[in-house]
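All remarks here apply to the structure that follows.
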Amino acid sequence: MLRQAKLRVTRPRLAVLAEVEATPHSDAESIRAGVSDRLGNVSTQAVYDILHAFTDAGIVRRLEPAGSPARYEVAAGDNHHHLVCRGCGAVVDVSCAIGAAPCLQPSDDHGFRVETAEVLYWGYCPRCQSTPGT
């Protein structure tokens, strides 16, 4: 995958990719901790640099839920959407909402050539629903 994207194959890059595959929707700090477990000490900046390169190359997809750090997942190319829990911050994948995937038919495209659609559904996961006050 890295070679196809014309990226050098290095141990840190392989470790970041393995961590993103193993724990989708993780933030950079969680990914750094997992990479450190795999390789030993690695800087947060190195992980951000790798994630940025992966995002630019289309290997990784960056999710940016409001009020939450960016999350990362391996780019599946299917333009799926996400549910985000307002209580605990859990993120889960959901298929395209309505119509033919990948939901690229806005009611008015204002002349844009639409390439992707990002939909975040917000609510409370089952665990948080059972917590008093939610």
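Residues in segment 1-46 that are of a type in the set (Val, Ile, Thr) and over 21 Å from Ala76 (Cβ atoms): Val9, Thr10, Val35, Val42, Thr44.
Inside segment 106-134, residues that are under 20 Å from the mean Cα position of the chain (by Cα), assigned to a loop (DSSP other than H, G, I, E, B) and of a type in the set (Phe, Trp, Tyr) make up a count of 1.
For Val42, indicate whether it is in contact (Cβ under 8 Å) with a residue 12 or more places away in the chain, surrounded by 15 or more Cβ atoms within 10 Å (Cβ to Cβ) and closer than 25 Å to Thr116 by Cβ. No: the conditions fail for Val42. The set of residues from segment 8-59 being in contact with a helix residue (DSSP H, G or I) (Cβ under 6 Å, 6 or more places away or on another chain) and not in a helix (DSSP H, G or I) comprises just one member, Val42.
Read-outs: derived from the displayed coordinates by stated rules, not from any lab. Just so it is clear, the model here is predicted, and its values are computed rather than measured. With ideal geometry, Cβ positions are generated from the backbone for all residues, glycine too; neighbour counts draw on all protein chains shown.
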